[in-house]
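Below: the structure, in structure tokens.
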Amino acid sequence: MKPPLTTREERLAFFQQWFSDTIPHSRALGIRIVDARRGFAAMRLEWRPDLVGNPETGVLAGGPLTALLDGCCGMAVATMLKEPKPFATLDLRIDYVKPATPGQAVIAEAECYRVTHSVAFTRAFAHHGDAKDPIAAAAGTFMLGTKGEVIRPQTVGAEAKL
Amino acid sequence: MSTLLERLAEVRKSGEVGRLAEAIPYARWMRIAPENGTGELLTRMRYHDDLIGNTFLPAIHGGTLGAMLEMTAIFHLLWETETETVPKIVNITVDYLRSARPADVIASAKVTKQGRRMVNVFAEAWQDDRSKPVATANAHFLVISPEDAPPSL
């Protein structure tokens, strides 16, 4: 058994390695873990020219935000699971409340506020640093105990003893 | 006039609908492009390893399916409706029905309701069997031109 993670830096390095780096699409987007605790996850996506939806304005496409919010909600679910089990997104709603500012990184913050035997409920916001001024709002539900084996990112809650 | 609308005008003349994607950097990066080889406008996301979300199954990341359904709706609105503006997404709800294996994903869209300012679009994505969709989505888009919009927009 590994010793419990004591410092915040140790925790974040662990989450980065176990969550973002083992999910190829998250790695391809360059998503970094900013924070994680029980029921909560925060991630950061840097602005990049190849993720732009409208070359006229430089505004990010909706797609990278969808992947960021989906991943962040999923990680919030993983932090709640003391006994790791495989899970998958059941549905995800995203409201695009304001265009992202070109050149600026996007922060996503997700909360998993309820876990039942079969379903986990999450909500999330994406913003540029001020959570009160969101770019997007999301609500995601996840089906727990889906087919397949538990993958490493799904065990972060249990491994980090959150 | 935006690059995308200029590209749309070119594509309408040449019929090479796939070139619409060239005007969108994210669509190029994701290898998402429309095609109309069968006479029906479909959007394809070509498989590449960066799309994977679950390495064990393995399965394509749910976020990429949401993203391609959104692009499918946008290509559909550009190509099939006489829009004079680039549709602006308001919201999208994606239902995940099956895990998507590491292979191309194809999607179609249809307009459920066309309003003067707002359009409701349904889109669905599948792999080999169209009757077994991997994900579906409903989305709203604003199709109002900037000059018609109130100053707050």
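Readers should treat all values here as calculations from the given coordinates under stated rules, not as data from a laboratory. Just so we're clear, the structure is a prediction, and the values are computed from it rather than from any experiment. Don't worry about glycine lacking a Cβ; one is built from the backbone with ideal geometry, like all the others, and counts go over all protein chains shown.
For this structure, a couple of remarks:
- Search result, residues across the stretch A:82-106 that are surrounded by 21 or more Cβ atoms within 10 Å (Cβ to Cβ) and over 15 Å from the mean Cα position of the chain (by Cα): A:Tyr96, A:Ala100
Condition check ((1) of a type outside the set (D, E, K, R); (2) free of Cβ contacts under 8 Å to residues at least 24 places away in the same chain) across all residues:
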| position | (1), (2) |
| --- | --- |
| A:Thr7 | yes, yes |
| A:Ile31 | yes, no |
| A:Arg37 | no, no |
| A:Leu69 | yes, no |
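- Only helices (runs of 4 or more DSSP H) whose full extent lies in the stretch B:1-101 are considered here, and the ones with at least 2 residues that are within 7 Å of chain A (Cβ to nearest Cβ) and surrounded by 17 or more Cβ atoms within 10 Å (Cβ to Cβ) are B:25-30, B:62-80.
- Wholly enclosed strands (runs of 3 or more DSSP E) of the stretch A:1-83 bearing at least 3 residues of a type in the set (A, V, I, L, M) and more than 10 Å from chain B (Cβ to nearest Cβ): A:32-37, A:40-45
- Looking across the stretch A:130-150, the residues that are part of a loop (DSSP other than H, G, I, E, B) and more than 17 Å from A:Ala41 (Cβ to Cβ) come down to A:Asp130, A:Lys132, A:Asp133, A:Ile135, A:Gly145, A:Thr146, A:Lys147, A:Gly148, A:Glu149, A:Val150.
- Contact annotation: residue pairs with Cβ atoms under 8 Å, 6 or more positions apart or on different chains, pairing a residue in the stretch B:114-127 that is within 17 Å of B:Ile89 (Cβ to Cβ) with a partner that is in a loop (DSSP other than H, G, I, E, B) and among the aliphatic types (A, V, I, L, M), are B:Arg117/B:Val143; B:Arg117/B:Ile144; B:Met118/B:Val143; B:Val119/B:Val143; B:Ala125/B:Ala100; B:Ala125/B:Val134.
- Members of the stretch B:34-67 that are touching a residue at least 24 places away in the same chain (Cβ under 8 Å), farther than 16 Å from B:Trp126 by Cα and touching an Asp or Glu at 6+ places or on another chain (Cβ under 9 Å): B:Leu57
- With respect to the conditions (1) under 14 Å from A:Met143 (Cα atoms); (2) of a type outside the set (A, V, I, L, M); (3) more than 11 Å from the chain's Cα centre (by Cα), A:Thr122 falls short on a single one, namely (3).
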